[in-house]
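Peer 1: The structure that follows is given in the form of structure tokens.
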Amino acid sequence: MLKHTKISDPELYRLVLEELDRQENNIEMIASESTESEEVLELSGCVFANKTTEGYPGARFQAGSQTADKMERLGIQRAKDLFEADHANLQPYSGSTANYGVYAAVLKPGDTVLAMKLDHGGHLTHGSPANFMSKFFNFVSYGLKDDTELIDYEELESLAHRHRPKLVIAGGSAYPRLIDYERVARAAHSVDGLLMVDMAHVAGLVAAKVIPSPVPHADFVTSSTTKTFCGPRGGMILCKAPHARALDRGVFPGAISSIHLNIMAAKVWCLKNAATPSFRTVMEQVVKNAASLAKELEKNGFRAVSGGTDNHIVLLDLRSKKITGKLFQDALEYVGITVNKNMIPGDPEKPSVTSGVRIGTTSVSQRGMKEPEMRAIAEIMNRVAAAPEDKENLEGCKTLALEMTARFPLYPQ
Ligand code: DSN
């Protein structure tokens, strides 16, 4: 690995090894993470990185783009086949950039957008005041029902009728349940709005047909290509045929300039890989593991927001354990389990503290962990929550976590 860097920059080389060691010896449970295959790592560093190209296949702004054209066309076809979409754009640099591409395609400054609140599971780019998009568009937000902690579809419908948004957004980064895309599409279309589904977190589950697809219902579907899709750090967008031209113009020149062709190559590989039975098996296990983890945590006195999960995310409300998200995250990090503190609906704590943590099961499932390991992880988490500042307790938990990672190597070859 990195045989040239090892010689020319040993200091940096050691940092990469240190990070590999951290990943290998920790139970990685950040819900937006996955482990990139060796092919994805290879392709992310391939010679396509040398090539500058802008525009679309057959209509480039730079010479020498013929091979890039072939590669992009191959990827677009694979994306269309995999997701049964009319059109695909693989140029966005990330899920956020994919969202900006759609905004550039269909919105004018001042237009109204209806999206889910960030602290109810939405995303920063869906109208958070902290994100610069909020300066240009009039974001109105819907949330979850207090009792069920599921999307409040009645509120969404009534806000759609009152505000007549140009764009309705479904999907987010901390919603552990399925979304009724058909119902949200009806609400958007009933007021002549468009539906954009941000499936960044669940794209791998959708590709493997483990959960329902938003593609039949949404005008646009945006995604990152990491997270459950298990690909490189990039983005992609699918859309219905009538929006194809506007979308492509929204992405380039609307939101980005030259393409990261090396990352696109890695996406193209993933679009083939995601159609394989082995990918589907992993995605099935991701969902089984999340359900099992939620159940085991609840047996240990934790409370899962919404009472469980249908995807790869378990969002824990830690108030029953009388600890904050920050304290739990830090204590788990010490023992070798990596999660992130996360706001829960109606969270009384600040975003830097929070009352919850978000846990994801993609990486552990890729490593081969199954239900018995989820039970063991839940038990370690319970021990940590019981005494998060007791070093002796944490050392004991660390030994258990290390024993587990040793049995499931990150890169077996
Ligand atoms: N949106 C952030 C997350 O879900 O963790 C980063 O992708």
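Peer 1: Collect residues whose amide H, placed 1.01 Å from N in the peptide plane, falls under 5 Å from the amide H of Arg303; neighbours closer than 5 in sequence don't count.
Peer 2: Asp317, Ser320
Peer 1: To make sure I understand the rule: partners must be lysines, Cα under 16 Å from the Cα of Lys341, and not fewer than 8 residues away in the same chain. Which ones qualify?
Peer 2: Excluding near neighbours in sequence, the set is Lys321, Lys322, Lys326, Lys350.
Peer 1: Can you tell me which of 94-100, 318-324 comes out highest on packing, and rank the rest after it, using the mean Cβ neighbours within 10 Å? Don't jump to the answer; show the numbers that get you there.
Peer 2: Numbers: 94-100: 24.4, 318-324: 17.0.
My ranking of the peptides, most packed first, is 94-100, 318-324.
Peer 1: Apply the Karplus parameterisation 6.51 cos²θ - 1.76 cosθ + 1.60, with θ equal to phi minus 60°, to every residue of the range 90-99 and state each ³J(HN,Hα) to the nearest whole Hz, in sequence, with x for glycine and proline.
Peer 2: Each residue's phi maps through the Karplus curve to give 9, 7, x, 7, 6, x, 4, 5, 4, 5 Hz.
Peer 1: For Thr225, what charge total do you get from the other residues with a beta carbon under 14 Å from its beta carbon, if Lys and Arg give +1 and Asp and Glu give -1? Could the numbers behind the result be given before it?
Peer 2: Details: positive: Arg78, Lys227, Arg233, Lys267, Lys272; negative: Glu33, Glu36, Glu39, Asp198.
For residues surrounding Thr225, the net value is +1.
Peer 1: Given H placed 1.01 Å from N in the peptide plane, which residues other than close sequence neighbours of Val357 have an amide H under 5 Å from its amide H?
Peer 2: Leu316, Leu318, Asn342
Peer 1: Starting from the 7 Å offset along Cα-to-Cβ, what nm value, one decimal, do you get for the label separation of Ser257 and Arg164?
Peer 2: Label-label distance for Ser257 and Arg164, simple model: 3.9 nm.
Peer 1: Rounded if a/c is under 1.5, else prolate if a/b is larger than b/c, else oblate: which is the range 1-81, with a ≥ b ≥ c the root eigenvalues of its Cα gyration tensor?
Peer 2: Working: a/c = 3.50, a/b = 1.65, b/c = 2.13.
Oblate, because a/c is 1.5 or more while a/b does not exceed b/c.
Peer 1: Based on DSSP, what percent of beta bridges with both residues in the range 64-168 are antiparallel, to the nearest 5? All intermediate terms of the calculation are to be shown ahead of the outcome.
Peer 2: Working: 1 of 8 bridges.
Taking every DSSP beta bridge with both residues in the range 64-168, the antiparallel ones total about 10 percent.
Peer 1: Please enumerate, by chain and number, the lysines with C-alpha under 16 Å from the C-alpha of Lys272, excluding those fewer than 8 residues away in the same chain.
Peer 2: Lys70, Lys80, Lys209
Peer 1: Hey, fewest Cβ within 10 Å first, where do Thr309, Thr225, Thr281 land in order?
Peer 2: Working: Thr309 26, Thr225 29, Thr281 13.
Taking fewest neighbouring Cβ atoms as first place, the list is Thr281, Thr309, Thr225.
Peer 1: Moving on. How far is it, in nm, from the label point at Ala63 to the one at Asn25 when both lie 7 Å from their Cα along the line to the Cβ?
Peer 2: The modelled label-to-label distance comes out at 5.3 nm.
Peer 1: Using the Cβ atoms and a cut-off under 12 Å, what net charge is assigned to the surroundings of Ile256, where Lys and Arg are +1 and Asp and Glu are -1?
Peer 2: On the way: positive: Arg249; negative: Glu54, Asp248.
Result for the local shell: -1.
Peer 1: Pull out the extension gain between Thr276 and Leu402, defined as 0.36 nm times the separation in residues minus the alpha carbon to alpha carbon distance; nm, one decimal.
Peer 2: On the way: separation 126, 0.36 × 126 = 45.36 nm, distance 3.13 nm.
Gain on extension, Thr276 to Leu402, equals 42.2 nm.
Peer 1: In what order do Leu316, Leu194 fall by count of nearby beta-carbon atoms within 10 Å, going from fewest to most? Intermediate results must be reported in sequence, preceding the final value.
Peer 2: On the way: Leu316 27, Leu194 23.
Going from least to most buried by this count: Leu194, Leu316.
Peer 1: What are the ³J(HN,Hα) values, in whole Hz, obtained from phi via the Karplus relation 6.51 cos²θ - 1.76 cosθ + 1.60 with θ = phi - 60°, for each residue of the range 196-212 in sequence order, with x given for Gly and Pro?
Peer 2: 10, 9, 8, 9, 3, 6, 10, 4, x, 5, 5, 4, 7, 6, 8, 10, x
Peer 1: Cut-off under 18 Å on the C-alpha distance; same-chain residues fewer than 8 positions from Lys240 excluded. Which aspartates and glutamates are left, in chain and number order?
Peer 2: Result set, ordered by chain and number: Asp81, Glu84, Asp86, Glu182, Asp192, Asp198, Asp219, Asp248.
Peer 1: Using the 10 angstrom Cβ neighbour count as an exposure proxy, how do Lys108, Lys166 rank, fewest first?
Peer 2: Details: Lys108 9, Lys166 21.
With the fewest neighbours first, Lys108, Lys166 line up as Lys108, Lys166.
Peer 1: For the chain, just say rounded, prolate or oblate: build the C-alpha gyration tensor, square-root its eigenvalues into a ≥ b ≥ c, call rounded for a/c under 1.5, and beyond that prolate if a/b exceeds b/c, oblate if not. Intermediate values should be presented prior to the final figure.
Peer 2: Values: a/c = 1.89, a/b = 1.17, b/c = 1.62.
Oblate is the answer for the chain, as a/c is 1.5 or above yet b/c matches or exceeds a/b.
Peer 1: Starting from the Cα-Cα distance between Glu392 and His189, subtract it from 0.36 nm times their residue separation and give me the gain in nm to one decimal.
Peer 2: Working: separation 203, 0.36 × 203 = 73.08 nm, distance 5.79 nm.
Here the answer is 67.3 nm.
Peer 1: Once label points are set 7 Å from the Cα along Cα→Cβ at both Leu178 and Asp9, what is their separation, rounded to one decimal in nm?
Peer 2: Roughly 4.7 nm, to one decimal.
Peer 1: From the phi angles alone, apply the Karplus equation (6.51, -1.76, 1.60; θ = phi - 60°) to the range 3-11 and give each ³J(HN,Hα) in whole Hz, x where the residue is Gly or Pro.
Peer 2: Each residue's phi maps through the Karplus curve to give 5, 7, 4, 3, 7, 7, 8, x, 5 Hz.
Peer 1: In what sequence, highest mean first, do 153-160, 1-8 appear when ranked by Cβ atoms within 10 angstrom? Write down the numbers at each step before the final one.
Peer 2: Values: 153-160: 17.0, 1-8: 10.6.
Result, highest mean Cβ count within 10 Å first: 153-160, 1-8.
Peer 1: I'd like the distance between the alpha-carbon centres of the range 201-244 and the range 313-363, rounded to an integer number of Å.
Peer 2: The range 201-244 and the range 313-363 have Cα centres separated by 27 Å.
Peer 1: Shifting gears a bit: Let me make sure I get this right: for the range 104-227, a, b and c are the square roots of the gyration tensor eigenvalues over alpha carbons, sorted descending. Under 1.5 in a/c it's rounded, otherwise prolate if a/b > b/c, else oblate. Which is it?
Peer 2: On the way: a/c = 1.35, a/b = 1.26, b/c = 1.07.
It comes out rounded by the Cα gyration axes.
Peer 1: Using modelled amide H (1.01 Å from N, peptide plane; none on Pro or chain starts), what sits under 5 Å from the amide H of Thr226, excluding residues fewer than 5 places away?
Peer 2: Placed amide hydrogens put Gly231, Gly234 under 5 Å from Thr226.
Quick note: the coordinates plus some simple rules give every number you see, no bench work behind them. Keep in mind it's a predicted model, so treat the numbers as computed, not measured. Heads up, the Cβs are rebuilt from the backbone with ideal geometry, glycines too, and the neighbour counts pull from every protein chain shown.
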